[in-house]
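These notes concern the structure reproduced below.
The values are calculated or read from the model by the stated rules, or taken from the named source; none is laboratory data. From a predicted model like this one, the values you see are computed outputs, not experimental measurements. Virtual Cβ from ideal backbone geometry, glycine too; neighbours counted across all protein chains shown.
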Amino acid sequence: MTVDTAERAIERLMSLHPKGFDLSLERISRLLERLDNPHEKLPPVIHIAGTNGKGSAAAFARALLEASGRTVHVHTSPHLVNWHERFRLGAEGGGQLVEDAVLSEAVERVAVANRGEMITVFEILTAVMFILFSEHPADAAIVEVGLGGRFDATNVIAKPAVSVIMPVAMDHEAYLGDRVELIAAEKAGIIKRGVPVIVGQQEWDAAREVMIETAERLGAPLSIYGQDFMALEENGRMVYQDDDGLFDLPLPRLVGRHQLSNAAAAISAVKAAGFPVSDRVAEQAMTDVSWPGRLQLLPEGRLTSLAPEGAEIWIDGGHNPDAAAAIAEALAEAEDKRPRPLLLIIGMLNTKDQAGYFHAFADITRHGYTVPVANSDSGVPNSELAARATEAGVPAEPVNSTANALKLLRDTWHEAVPPRILIGGSLYLVGEVLAENGTPPR
C-alpha cells in the first residue's frame, strides 16, 4: 500500500459528508452499534476536555504512564500534518502513530458500516479510534474531546476512569455559547456519575463553579487545581503538591509557566485513574514529554534555512486570547533570560478573536507579518489580518506566505542580535509550516 492510502480514504469521506460540526450523539451511537460497540471494550480511559491545554495534558499523561512502563493509546485532534497523528497506539517502549495500512482498513470498515448515511467526518474518525483502541491491547487510553464535551462524539464513553476538564475560555462560541458559563457547561458534559473529576487551572471563576456544581450533582469525586493539587516553580524546579505529599521535579520539557498547571492536572488525573505515580516516574515524564506545535522550537529544515542567521523560531497553534496570553508570557520570560527582538508571523481563521489574540503581544512585539492559512476555507485574508493586528497594537504587514515572510526578514535584518520569531495563530498554519519545513510530528 502507498503511504497516502488512509489519507485518500479519509478525503473521499470528506467529499461525501459535512466538514463542519453537528454536535449530536445519535449518529455515532447508531454507527458504533453496527460495529459491535467497540467503545465499550476499551482499557481504562482518561477523558480530557477543555478549551486550552487538553493536548498538553494528554501529552503529560502519556509520558507519565509510559515512564511507569505502561502501554497507552492516545487520541488527539486536530492533526498538524497527517491524519495518523490522531491515533497513537500503545506499544512496549512507547506508543507509535498508527500504521497506514491499519488506519486505512479501519476507515474503510467504518465507512461500510455507516452505509452512506449522513454523518460528520469527525464522527467517523471517532469510530475509527474506538475500533483501533479496542482491537489493540494497552493498559490505558487517553481520549481528547474534539469540541465541547456534552455532545462530542467521544462522549459515548459511559464510564471513563477519570474525567479531566482543562482551562475553559471563549472559543467556538457559535457552537458552545457566547458566555463562559455556557461553554463550561458543555465541557462539564463529560462528567459521569460517580467517576472522579479533575478540574485544571481555571481563569474564570464562573467556569469553575459550573464544574463544581455538575460534579456535586452527579456524585463525582472532585479534585480542583489550587485547592486539592497544585504546582509552582521554585529555584528552577517544579514542585507538585496534593494530599499525598510533594514531588520535587525538573521543569517540564514543554515551555511556558502554564505547562506547570497542565502537568499538575495530568499527574492528578493519572493517579485518580488508578495508576500510581512515583517521584521517579514523574521526573522522567517531565523530561520526556513531547507535544508538537505548542511552543515548539521549529527543527532545522527547509523553512528555517530561509530565516536570518541565528534566528530562534517558535511555533504555536494557540488561537484564542487566553492561549495568546500564555504564549506571550512564555516569550516574555525568554526575553528576560535571552534578550532578542520578537517578531510575529501569524495566520488566523475568521472564527477567532483576532484583535484579542494580537493584543496579548502588543507590549513585547516589534513587528508582525500576516499570512494566509492555505489549508482552511475560513482563513482571514492577510491584508485584513494585518489591519486587525495594527489596531491591536502590533504593527503588521501582509505577506503571501510564511516562506516569503522569513525571506523578507532575512533580507532586511541588519542587527547584531538575531530575532526571536513566533509563527502561529492557527493549528492549520503550524501544520503547514511543519510540512513545508520537512519536520512533521512522529
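Observations on the structure shown:
- Filter result (among the hydrophobic types (A, V, I, L, M, F, W, C), part of a loop (DSSP other than H, G, I, E, B) and under 17 Å from the mean Cα position of the chain (by Cα)) within segment 128-160: Val145, Leu147
- His75 falls short on exactly one of the conditions (1) in contact with a Pro (Cβ under 7 Å, 6 or more places away or on another chain); (2) at pLDDT 95 or above; (3) not polar (S, T, N, Q), and that condition is (1).
- Residues satisfying the criterion are present in segment 178-186 (criterion: touching a strand residue (DSSP E or B) at 6+ places or on another chain (Cβ under 9 Å) and assigned by TED's automatic domain parsing to the domain that holds Gln227).
- Residue, nearest to Ala326 (Cα to Cα), within segment 223-280, restricted to residues that are among the hydroxyl-bearing types (Ser, Thr, Tyr) and out of contact with any Asp or Glu (no Cβ under 9 Å at 6 or more places or on another chain): Ser261
- You will find that of Ser383, Ser378, the residue that is without any contact (Cβ under 8 Å) to a residue 24 or more places away in the chain and touching a strand residue (DSSP E or B) at 6+ places or on another chain (Cβ under 6 Å) is Ser383 and no other.
- Hey, Ala435 part of a loop (DSSP other than H, G, I, E, B), under 21 Å from the mean Cα position of the chain (by Cα) and either at pLDDT below 95 or not basic (Lys, Arg) (or both) or not: no
- Residue in segment 333-351 that is within 16 Å of the chain's Cα centre (by Cα), of a type in the set (A, V, I, L, M, F, W, C) and surrounded by 23 or more Cβ atoms within 10 Å (Cβ to Cβ) present: no
- Here the condition is being within 26 Å of Ser376 (Cα to Cα), of a type in the set (Gly, Ala, Ser) and touching a Leu at 6+ places or on another chain (Cβ under 6 Å); of Gly301, Gly356, Gly293, it holds for Gly293 alone.
- Residue count for segment 357-387 under the criterion of being surrounded by fewer than 18 Cβ atoms within 10 Å (Cβ to Cβ) and assigned to a strand (DSSP E or B): the result is 1.
One line per residue, one yes/no per condition, for (1) under 18 Å from Leu429 (Cα atoms); (2) of a type outside the set (Lys, Arg); (3) outside the structural domain of Val255 (by TED's automatic domain parsing):
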residue	(1), (2), (3)
Ala332	no, yes, yes
Asp336	no, yes, yes
Leu344	yes, yes, yes
Lys352	yes, no, yes
Asp363	no, yes, yes
Asn375	yes, yes, yes
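- Scope segment 390-442; condition of a type in the set (Asp, Glu) and free of Cβ contacts under 8 Å to residues at least 24 places away in the same chain; matching residues: Asp411
Table: residues versus (1) more than 19 Å from Ala58 (Cα to Cα); (2) of a type in the set (S, T, N, Q); (3) not assigned by TED's automatic domain parsing to the domain that holds Arg150.
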residue: Ile224; (1), (2), (3): no, no, no
residue: Gln227; (1), (2), (3): yes, yes, no
residue: Leu246; (1), (2), (3): yes, no, no
residue: Gly301; (1), (2), (3): yes, no, yes
residue: Leu306; (1), (2), (3): yes, no, yes
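- A search for C-beta distances below 6 Å between a residue of segment 164-186 that is under 19 Å from Arg217 (Cβ atoms) and outside any helix (DSSP H, G or I) and any residue that is at pLDDT 85 or above and not hydrophobic (A, V, I, L, M, F, W, C), counting only pairs 6+ apart in sequence or on different chains, returns Ile165/Gly50; Ile165/Lys187; Val168/Thr51; Val168/Lys187.
- Among the candidates Ala362, Ala435, residue that is out of contact with any helix residue (DSSP H, G or I) (no Cβ under 8 Å at 6 or more places or on another chain) and either β-branched (Val, Ile, Thr) or within 20 Å of Ala334 (Cβ to Cβ) (or both): Ala362
- Residues in segment 388-398 that are surrounded by fewer than 21 Cβ atoms within 10 Å (Cβ to Cβ) and in contact with a strand residue (DSSP E or B) (Cβ under 8 Å, 6 or more places away or on another chain): 4 in all.
- All positions within segment 262-279 that are surrounded by 24 or more Cβ atoms within 10 Å (Cβ to Cβ) and over 19 Å from Gly69 (Cβ atoms): Asn262, Ala263, Ala264, Ala265, Ser268
- Within this structure, Gly226 passes the test of being without any contact (Cβ under 8 Å) to a residue 60 or more places away in the chain and either surrounded by 14 or more Cβ atoms within 10 Å (Cβ to Cβ) or closer than 13 Å to Ala265 by Cα (or both).
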